[in-house]
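A short write-up of the structure that comes next.
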Amino acid sequence: MKFALIGYGKMGKTIEQVIAEQNPSDEIVLKISEENKEDFTVENLRKADVAIEFTQPDSAVANIYKCFEAGVPVVVGTTAWLNKFPEVKAKCEELKGTLFFSPNFSIGVNIFWEVNRKLAQLMNSQPQYAVSMEEIHHTEKKDAPSGTAVKTAEVILEELKSFEGWELTSSSLVPRPLSGKIPIIAKREPNVPGTHTVTYTSSVDFIELKHEAKSRRGFAEGAVLAARWLVGKKGVYDMKDLLAI
């Protein structure tokens, strides 16, 4: 199988390592970084069976469209561009392209989301609990809150009827249940792959759900799994499709 890596930073290099370890006969035919943007052409993309894109929000959409133009399925791990998702989805359908997007490719995180969904359902009948979130990432991460934190909030909001949105806050105080929004605290610390914590607090106790990544390896393995699964398909997919959850 032939891969194109759009984005060859720390994640790209980890993905390269995972591909090599899983199947030495697989080949990475294109690696795009800041140093060789001129090589990112439709012609070069067509040498690959699938592309994996981990770059920056301001370039993600153009990268996706180039993959559509080349007729190459693309797995996208870049976050903070979802305000353009409806038009990207429409373009995918128009060009009969293939897109797999997730704000987090970790299997553990996707299970974490489903556990949060169930807990939020239970909390509808327990108004004494106020919910808050905290996410911690490495200092190189530019978007805040993280795409994973936003997705976690959206999962909770789909089920918890007493809240109507989320808000980024620097406060570490007990959440404000009357604000109508889930407070999210975003911290940036050296060498943290990603930690997400959801806390429900009452006057007598608290309940905490936490996912802590040990390294980038889990994200890379999930992205490669998605890339292998995506080949031969058309349309728009995410981890719920892959994991059937």
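Taking 0.36 nm per residue of separation and subtracting the current Cα-Cα distance, fully stretching the chain between LYS118 and ASN83 would add 9.9 nm. Excluding same-chain neighbours fewer than eight residues apart, the aspartates and glutamates reachable from LYS31 by a Cα-Cα span under 17 Å are GLU16, ASP39, GLU43, ASP49, GLU53.
Compared with the alpha-carbon gap, the fully stretched path from ALA244 to ALA90 is longer by 53.1 nm at 0.36 nm per residue. For the cross-link pairs LYS142/LYS233; LYS161/LYS214; LYS13/LYS234; LYS96/LYS240, the ones whose C-alpha atoms lie over 30 Å apart are LYS142/LYS233; LYS161/LYS214. Note on LYS84: aspartates and glutamates with a C-alpha under 13 Å away, same-chain residues under 8 apart excluded, are ASP58. In a solvent-free Debye calculation with one equal scatterer on each Cα, what is log10 I(q)/I(0) for the chain at q = 0.07 Å⁻¹, listed in the order of the q values? Ignoring solvent entirely, the Cα scatterers give -0.25.
With contacts defined as alpha carbon pairs under 8 Å and 6 or more residues apart, what's the relative contact order of the range 107-212 in percent? Before the final figure, lay out each step's value.
Values: 185 pairs, mean separation 39.1, N = 106.
Relative contact order for the range 107-212 comes out at 37 percent.
Computed from backbone phi, the HN-Hα couplings of the range 182-187 come to 6, x, 10, 9, 10, 10 Hz, rounded to whole numbers (Karplus: 6.51 cos²θ - 1.76 cosθ + 1.60, θ = phi - 60°; Gly and Pro given as x). Of all aspartates and glutamates in the structure, those lying under 12 Å Cα to Cα from LYS118, and not within fewer than 8 positions of it along the same chain, are GLU158, GLU159. Taking a Cβ cut-off of under 14 Å around ALA226, the surrounding Lys, Arg, Asp and Glu residues balance to a net charge of -2, with basic ones at +1 and acidic ones at -1. With springs only between Cα atoms under 10 Å apart, run a GNM on the chain and tell me which of LEU122, LEU82, LEU30 wobbles the most. The residue that fluctuates most here is LEU122. Sequence-ordered 3J(HN,Hα) estimates for the range 43-58 from the Karplus curve with 6.51, -1.76 and 1.60 and θ = phi - 60° stand at 4, 5, 4, 5, 6, 9, 7, 7, 10, 10, 10, 10, 10, 10, x, 6 Hz, glycine and proline given as x. Measuring between their Cα centroids, the range 63-90 and the range 135-151 lie 20 Å from each other.
Between PRO190, PRO103, PRO57, the GNM of the chain built on Cα springs shorter than 10 angstrom shows PRO190 fluctuating the most. Sequence-distant contacts, meaning Cα pairs under 8 Å at least 6 residues apart, place the relative contact order of the chain at 22 percent.
Per the Kirkwood definition applied to all pairs of different Cα atoms, how many angstroms is the hydrodynamic radius of the range 107-212? Before the final figure, lay out each step's value.
Working: mean 1/r = 0.0724 Å⁻¹.
Over the range 107-212, the inverse of the mean reciprocal pair distance is 13.8 Å.
Listed values for the range 15-23 are Karplus-derived 3J(HN,Hα) couplings in whole Hz (6.51 cos²θ - 1.76 cosθ + 1.60, θ = phi - 60°), namely 4, 4, 5, 4, 4, 5, 6, 6, 8, and x replaces Gly and Pro. Over the range 1-106, the Kirkwood radius and the radius of gyration, each from Cα atoms, give a ratio Rg/Rh of 0.94.
Since every read-out is calculated from the coordinates, none of them should be taken as a lab result. Here the structure is a predicted model, which means the values were calculated and not measured. Ideal geometry is used to build each Cβ from the backbone, glycine not excepted, and the neighbour counts take in all protein chains shown.
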